[in-house]
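Data first, discussion second: the structure below is written as structure tokens.
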Amino acid sequence: MKKDIKKSVTRRLKILEGQIRGIQKMVEEEKYCIDIIRQSLATKAALSSVENLILKNHLSTHIIEQMKSGRESKAIKEILEIYKLSNKK
């Protein structure tokens, strides 16, 4: 994994960890449902940004290497698999 992407992903995951703990505390303290949902949606968006960074890393490293080494079908298969999974959200 590229160092800059790894650093960013790690930082964002630590933030997400705190957000999840915050949501858990909100539930335990029976906070207003809409406030919990807002925090949950913000957490989903943050996780999506982590996914985007990891995909960026994969495309700029592994996929390029697969294409250069003649494994285009593997690269295409992986990209289509991720595309299909992302549409199931």
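The values are calculated or read from the model by the stated rules, or taken from the named source; none is laboratory data. Computed from a prediction, not measured in an experiment: that's the story for all the values here. Because the Cβ atoms are built from the backbone with ideal geometry, glycine has one as well, and the counts that use them run over all protein chains shown.
Of note, Ile5 does not satisfy the criterion of being at pLDDT 95 or above, surrounded by 11 or more Cβ atoms within 10 Å (Cβ to Cβ) and out of contact with any helix residue (DSSP H, G or I) (no Cβ under 7 Å at 6 or more places or on another chain). Each residue in the range 52-70 was checked for being of a type outside the set (Val, Ile, Thr), surrounded by fewer than 14 Cβ atoms within 10 Å (Cβ to Cβ) and free of Cβ contacts under 8 Å to residues at least 40 places away in the same chain, and 6 pass. Picking from Gly18, Gly22, which residue would you name as being assigned to a helix (DSSP H, G or I) and either under 15 Å from the mean Cα position of the chain (by Cα) or surrounded by fewer than 13 Cβ atoms within 10 Å (Cβ to Cβ) (or both)? Every option except Gly18 fails the conditions. For beta carbons closer than 7 Å, sequence separation of 6+ or different chains, a first residue in the range 6-34 that is under 26 Å from Leu55 (Cβ atoms) and a second that is assigned to a helix (DSSP H, G or I) and of a type outside the set (A, V, I, L, M, F, W, C), the qualifying pairs are Arg12/Ser49; Leu16/Thr43; Gln19/Gln39; Gln19/Thr43; Ile20/Thr43; Ile23/Gln39; Ile23/Ser40; Ile23/Thr43. For the range 35-51, filtering for residues that are in contact (Cβ under 8 Å) with a residue 24 or more places away in the chain and among the β-branched types (Val, Ile, Thr) leaves 2. With the requirement that a residue be in a loop (DSSP other than H, G, I, E, B) and surrounded by 11 or more Cβ atoms within 10 Å (Cβ to Cβ), what does the range 25-47 give you? Listed by number, the list holds a single entry, Lys31. Restrict the check to the range 76-83 and report whether at least one residue is assigned to a helix (DSSP H, G or I), among the hydrophobic types (A, V, I, L, M, F, W, C), free of Cβ contacts under 8 Å to residues at least 12 places away in the same chain and surrounded by 12 or more Cβ atoms within 10 Å (Cβ to Cβ). Among the residues of the range 76-83, at least one is assigned to a helix (DSSP H, G or I), among the hydrophobic types (A, V, I, L, M, F, W, C), free of Cβ contacts under 8 Å to residues at least 12 places away in the same chain and surrounded by 12 or more Cβ atoms within 10 Å (Cβ to Cβ), which makes the answer yes.
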